[in-house]
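As structure tokens, the structure follows; a few thoughts come after it.
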Amino acid sequence: MASLNVYSVLVVLFLTCGVVMATKENDQIIKENNCETKMGFPCVLEAFTSIFNTGSICNKCCGKLVVLGKVCHSALVKRTLENPVFKGLNPATIIAKSIQTWNYCLALIDSPSPSA
């Protein structure tokens, strides 16, 4: 029985350390890649709405999101999920919407535009 308690404490400790490390890792990625200054506020708002709410993202903002890069995109979404304000959201759903938005924008930017 005592070994079960020790095991439980170790699991909780491991999970807690993992969350703290993830937070520091995301902050470090964001800082090192200068992620927060690569998109203007209107496009950040559009991307945020398409991921954390119901909304769409325009072609112009998709272009800026792709230029931002997948590493910055993922780190910013994960850091936002760590904010207590968003604790009621399902992380798996948000990550899925984040990937969906990224893939949509990547396909949009990679597809050749129709000729006039």
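Counting other beta carbons within 10 Å of each Cβ, put VAL77, VAL71, VAL85 in order, fewest first.
Listed from fewest to most nearby Cβ atoms, that is VAL85, VAL71, VAL77.
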How do THR49, THR80 rank when sorted from fewest to most other Cβ atoms within 10 Å of their own Cβ? THR49, THR80
At a Förster distance of 22 Å, what's the computed FRET efficiency of VAL85 paired with LYS24, Cβ-Cβ distance as r, to 0.05? 0.65
Residue by residue, what Karplus-based ³J(HN,Hα) values in Hz, rounded to whole numbers, does the range 56-63 have, using 6.51, -1.76 and 1.60 with θ = phi - 60° and x for Gly and Pro? 10, 10, 6, 4, 4, 6, 4, x
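Read-outs throughout are calculated quantities, based only on the coordinates presented, and are distinct from any laboratory measurement. Please read these numbers as outputs of a predicted model, since none were measured by experiment. Ideal geometry is used to build each Cβ from the backbone, glycine not excepted, and the neighbour counts take in all protein chains shown.
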